[in-house]
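The values are calculated or read from the model by the stated rules, or taken from the named source; none is laboratory data. What you see is a predicted model, and the numbers here were worked out from it, not measured in a lab. Because the Cβ atoms are built from the backbone with ideal geometry, glycine has one as well, and the counts that use them run over all protein chains shown. Heavy atoms of the whole protein, side chains included, go into the accessibility calculation; ligands, DNA and RNA do not. Shrake-Rupley method; radii C 1.70, N 1.55, O 1.52, S 1.80 Å.
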Amino acid sequence: QEFDPGDPESQLASVTTRIMQALQNNLDGKSKLYKDPGLTQLFLMNNIHYIVRSVRRSEAKDMLGDDWVQIHRRIVQQHANQYKRISWAKVSQLNQLGYTLGTSLVQVRMRVVRPPASEVQPLKILQCLTVQGTNSSGGGDSGGLSRTAVKDRFKTFNTQFEELHQRQSQWTVPDSELRESLRLAVAEVLLPAYRSFLKRFGPMIENGKNPTKYIRYSPENLEQMLGEFFESKAWSEQKR
């Protein structure tokens, strides 16, 4: 492309814009390494957020303009919303208790890797707390679940949450405000569902033998463990 030699500022702005576009195209390509579409959105959301923050702190802001910054801040929000929709929007369909994710904007810094097929997904954990065809108005109603089925639900939840905690506590979110936003977003989905399931089905287990074998966590325990997410803790540290 030819430039007007009499307008070097315009040349520099044009080159900077093309560099930014090339960078975003590169990110789009790398994001496709994720099999999980939710992780794809997190990767794009975090990296574009980093680009916008860097531009705002540099002379590139003068060349790209305020409109560029605002447009790309909205793109960050769009990726945040897409992540929440993909990862958590089905909660209200799966969980008749009707809990949905809040509107907090969250970012995560993650490496570009292919998640293993065995990776626990939040939606699967929430399915453990799902009782199809029932609602939260039953009080102590068992919802048609046998004691054996309830035990299996609690055991499955324990295993899956522990795997999720092990993995996500190794992730890193350097910005404290963003880290807390992400934790809050997870807590707003998980804790109300767990509390309701525990209130409704807990008595069936508590009145039997070895209740702590199945009801391993109180809501407060879970909240404390969520507070360890995104701290980049090595697994060896967690075992101490």
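Evaluation of Leu105 against the conditions (1) modelled with pLDDT of 50 or more; (2) assigned to a loop (DSSP other than H, G, I, E, B); (3) surrounded by 14 or more Cβ atoms within 10 Å (Cβ to Cβ); (4) of a type outside the set (Phe, Trp, Tyr) shows that the sole unmet condition is (1). Evaluating Ile215 against the criteria (1) in contact (Cβ under 8 Å) with a residue 24 or more places away in the chain; (2) farther than 14 Å from Ile125 by Cβ; (3) among the aliphatic types (A, V, I, L, M); (4) assigned to a helix (DSSP H, G or I) leaves one unmet condition, (4). When Asp28 is tested against the conditions (1) within 30 Å of Pro192 (Cα to Cα); (2) at pLDDT 85 or above, the lone failure is (1). Candidates Leu145, Leu184: the one that is assigned to a loop (DSSP other than H, G, I, E, B), in contact (Cβ under 8 Å) with a residue 40 or more places away in the chain and open to solvent by 10 Å² or more (accessible area, probe 1.4 Å) is Leu145. The set of residues in the range 20-45 being assigned to a helix (DSSP H, G or I) and either in contact with a strand residue (DSSP E or B) (Cβ under 7 Å, 6 or more places away or on another chain) or open to solvent by less than 20 Å² (accessible area, probe 1.4 Å) (or both) consists of Leu27, Ser31, Gly38, Leu39, Leu42, Phe43, Leu44, Met45. Kindly establish whether Leu123 is open to solvent by less than 20 Å² (accessible area, probe 1.4 Å) and either modelled with pLDDT of 70 or more or of a type in the set (Ser, Thr, Tyr) (or both). No: the conditions fail for Leu123.
Pairs linking a residue in the range 21-40 that is closer than 21 Å to Arg73 by Cα to a residue that is exposed (fewer than 14 other Cβ atoms within 10 Å of the Cβ), with Cβ atoms under 8 Å and 6 or more positions apart or on different chains, are Thr40/Lys32.
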